[in-house]
Amino acid sequence: MKPLIVANWKMNPQSLTEAKQLFNSLKKGIKNVKNVEVVICPPFLYLSQLQTTNYKPHLGAQDVFWEEKGAFTGEISPKMLKDSGCKYVIIGHSERRRYLKETDEMINKKLKVTLKRKLSPILCIGETRKERGQGKTQTILKNQLKKALSKISAFNIQNSKLAIAYEPVWAIGTGKACSPREAKKSLDVIKKVISKIYDKKLAKTIKILYGGSVNGKNAASYIFEANFQGLLVGGASLDPREFVILVKAVSRS
Ligand code: PGA
């Protein structure tokens, strides 16, 4: 399976000029890299302004709304994303769960419309520091998965390129990445849960990514030691040098 590396720019950079510069540096840096699929997720506003060549890289959005059109002030529809050149969309990022009070039910609705409109969702799940401390990681992951995938059939997932990103909330933006060993335990739980909801064969087609303080140094260990099929990268994706090092480290499989 080709590893999937997703760059989540979050609310950065602050101007279109900078966004274009960053995008073009990343694009140039990964031009000759093989065996890795790269997705760049800039803020909505920049999407239609960034040009990719042969999907290198792909474009993705950081969120989507669950309705298809109409009176929903401030929201962006799946069709608008497709029209802007998007192939992927991040759903349920912990920052949205925390600051925008996104619930598992909202995430489920977003997943459904994304699949319906043939965009590839990257579903984020993960436990907080407190939950980890209480030994609840497994339960949290199970619950988030079950609720997010509720009433979504195997048929809808087939060929959708659905990816699931395990992002321990305590590891995001803290510089304290989860060790590959600990992350591997969550990966196994996620695989087990999706095999149970669907079946083993379908579960095998779903890429599981790790996210949380990934950088050029630790990236490869999640792929080669812990067997993740990709990475979700925040901070390090804003530094073209670091990000290119990271992508190359993973491509050396
Ligand atoms: P980080 O963010 O790489 O800056 O920790 C990851 C994410 O939030 O997706």
Residue set GLU182, GLU95, GLU105, GLU127; condition farther than 23 Å from MET1 by Cβ, more than 15 Å from the ligand (Cβ to nearest atom) and either touching a residue at least 60 places away in the same chain (Cβ under 8 Å) or among the acidic types (Asp, Glu) (or both); output residue GLU105
The residue that is farthest from the ligand (Cβ to nearest atom), considering only those in the stretch 158-172 that are under 15 Å from the mean Cα position of the chain (by Cα) and open to solvent by 20 Å² or more (accessible area, probe 1.4 Å), is LYS161
PHE155 fails exactly one of (1) in contact (Cβ under 8 Å) with a residue 12 or more places away in the chain; (2) assigned to a helix (DSSP H, G or I), namely (1)
If you go through SER84, SER77, the only one that is buried (at least 16 other Cβ atoms within 10 Å of the Cβ), touching a helix residue (DSSP H, G or I) at 6+ places or on another chain (Cβ under 6 Å) and of a type in the set (Gly, Ala, Ser) is SER84
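Return yes when LYS217 is open to solvent by 10 Å² or more (accessible area, probe 1.4 Å), under 22 Å from VAL233 (Cβ atoms), within 15 Å of the ligand (Cβ to nearest atom) and touching a Phe, Trp or Tyr at 6+ places or on another chain (Cβ under 8 Å) and no when it is not. Before the answer, list the steps.
Working: open to solvent by 10 Å² or more (accessible area, probe 1.4 Å): yes; under 22 Å from VAL233 (Cβ atoms): yes; within 15 Å of the ligand (Cβ to nearest atom): yes; touching a Phe, Trp or Tyr at 6+ places or on another chain (Cβ under 8 Å): no.
No.
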### Message
Quick check on the stretch 18-40. Is at least one of its residues modelled with pLDDT of 95 or more, in contact with a Ser or Thr (Cβ under 9 Å, 6 or more places away or on another chain) and under 20 Å from LEU123 (Cβ atoms)?
### Response
yes
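The values are calculated or read from the model by the stated rules, or taken from the named source; none is laboratory data. Since the model is a prediction, treat every value here as computed from it, not as a measurement. As a convention, Cβ positions derive from the backbone with ideal geometry for all residues, glycine included, and neighbour counts pool all protein chains shown. What goes into the accessible areas is simple: the full protein's heavy atoms, side chains included, and nothing from ligands, DNA or RNA. Shrake-Rupley method; radii C 1.70, N 1.55, O 1.52, S 1.80 Å.
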